[in-house]
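Here is the structure we will look at.
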Amino acid sequence: MSVNTFGRVLRFTTWGESHGPALGAVIDGCPPGLMLSESDLQPWLDARRPGQSKFTTQRQEPDAVRILSGTFEGKTTGTPISLMIENVDQRSKDYSEVASAYRPGHADYAYDAKYGFRDYRGGGRSSARETAARVAAGGVARLVIPEVHIIAHVIEIGGDRAETFDAAEIGNNPFFCADAAAAARWAVSVDEARLAGSSLGAVVECIATGVPAGWGAPIYAKLDAELAAAMMGINAVKAVEIGDGFAAARLTGAENADRMRPGDANGPQFLANHAGGIAGGISTGQPVVVRVAFKPTSSILIPVETITRSGEAAEIRTKGRHDPCVGIRGAPVVAAMMALVLADHKLLHRAQCG
């Protein structure tokens, strides 16, 4: 059985393929009475939309979302919310070679091994195109957590890490980067990879502020575990860090301690946030910090060794329109998954603790 649903109280199911007529999401468990219109969701989709610069795929998709159910007179009704995004710029002929040979690094062989056949047009469900549905669902989730502010920004491309943070800069460049100097360097390196027919990996950092203490659960629904699962479920993601992540293993206990001092009615004053806002699987009231590593795009023009479906040696180069760095447009997707997990845990907390 394939699992296409995520969440416990606020659940969402995505559907559709890269080159099918449409894709979308069904969100169940959304509280009733929230103001919701297509204009509330479209800005998040516009941020992820392809074809907005030479640093992303040139597939031209408007990604216009339609709400098919779950609202009445502009408010959520508490019934399933169905969202649909039409595909209008498919070029399935670009994938004729992929039909008979596997792209190394892509899900082609794994899908074939599991199902016995696969949708080779853009990768079907394994395409990053599927994430448009998650971003639309994330727009609904944000309405459930108005107290939370979420920022996602790219902090590294091709091993070149940003050094400064200016939130106002994120919207000023095509890389969702908070460091203008890093964005200028990446413009050169990503363009070089694109012209060479290759690709680069990236790391996205997501910060959620305004998360109160108490969301999450001690063991089997840890907030950090479910954030990690949500992020790892994004196509092309290969690693997730919460807080200091792997760097925490290099600290002593004294260095890693998030020391506390007396605070106010909102909780203690923390002197550090090595834990990324989560302790014992439960939010502490500090910013929730997650970093997500995206691998280089697997569909590249450089010929690479592979095999055919019949097991013969071959070489393949993937024609078509592909992101030279899929992690760039991954930033809005990471933010959406953060919103979906936090909204689900807000409702879980309310169900148990009132």
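The values are calculated or read from the model by the stated rules, or taken from the named source; none is laboratory data. From a predicted model like this one, the values you see are computed outputs, not experimental measurements. Here the Cβ is made from the backbone with ideal geometry for all residues, glycine too, and neighbour counts use every protein chain on show. Side chains are part of the model used for accessible areas, which takes the heavy atoms of the whole protein and leaves out ligands, DNA and RNA. Shrake-Rupley method; radii C 1.70, N 1.55, O 1.52, S 1.80 Å.
Structure notes:
- Solvent-accessible ranking of L301, L340, largest area first, probe 1.4 Å: L301, L340
- When T71, T164 are compared by accessible area at a 1.4 angstrom probe, the order from most to least is T164, T71.
- Stretchable slack from A254 to A196, in nm (0.36 nm times residue separation minus alpha-carbon distance): 16.1 nm
- Cα-based shape type of the stretch 225-291, given that a ≥ b ≥ c are square roots of the gyration tensor eigenvalues and the cut on a/c is 1.5: oblate
- Counted charge near P104, where neighbours are those whose Cβ lies closer than 13 Å (Asp, Glu -1; Lys, Arg +1): 0
- For H19, the solvent-accessible surface with a 1.4 Å probe is about 10 Å², rounded to the nearest 10.
- Angle between the chain longest axis and helix 38-48 axis [Cα atoms, degrees, rounded to 10]: 60
- Solvent-accessible area, 1.4 Å probe, carbon plus sulfur percent, for the chain: 56
- Heavy atoms of T284 accessible to a 1.4 Å probe, total area in Å² rounded to 10: 30
- Once the Cα atoms are used to define both axes, helix 223-232 deviates from the longest principal axis of the chain by about 10 degrees.
- Taken over the Cα atoms of the chain, the convex hull encloses 151 Å³ per residue.
- Taking the Cα centre of the chain as origin and assigning +1 to Lys and Arg Cβ atoms and -1 to Asp and Glu Cβ atoms, the resulting dipole is close to 560 debye.
- Protein-only accessible surface order, largest first, of Y115, Y102, Y120, Y220 at 1.4 Å: Y220, Y115, Y120, Y102
- Looking at the chain, the accessible area is 46 square angstrom per residue; that uses a 1.4 Å probe and ignores ligands, DNA and RNA.
- Estimated D of the stretch 239-350 in µm² per second, where Rh is the Kirkwood radius over Cα pairs and Stokes-Einstein applies at 37 °C, 0.692 mPa s: 182
- 10 Å binning of all Cα-Cα separations within the stretch 117-253, expressed as whole percents from 0 upward: 9, 29, 39, 19, 4, 0
- Lysine pair number, Cα distance threshold 18 Å (strictly under), the chain, separation 8 or more or different chains: 4
- Other residues within the sphere of radius under 14 Å centred on the Cβ of G253, judged by their own Cβ, net out at -1 (K and R +1, D and E -1).
- A 1.4 Å probe, protein heavy atoms only, puts the accessible area of V144 near 10 Å².
- Projected label distance in nm at V3 and A22, using a 7 Å step from Cα toward the beta-carbon: 2.8
- Over the chain, DSSP H runs of length four or greater, each weighted -39,500 (n - 2.57), average out per residue to a 222 nm ellipticity of -7500 deg cm²/dmol.
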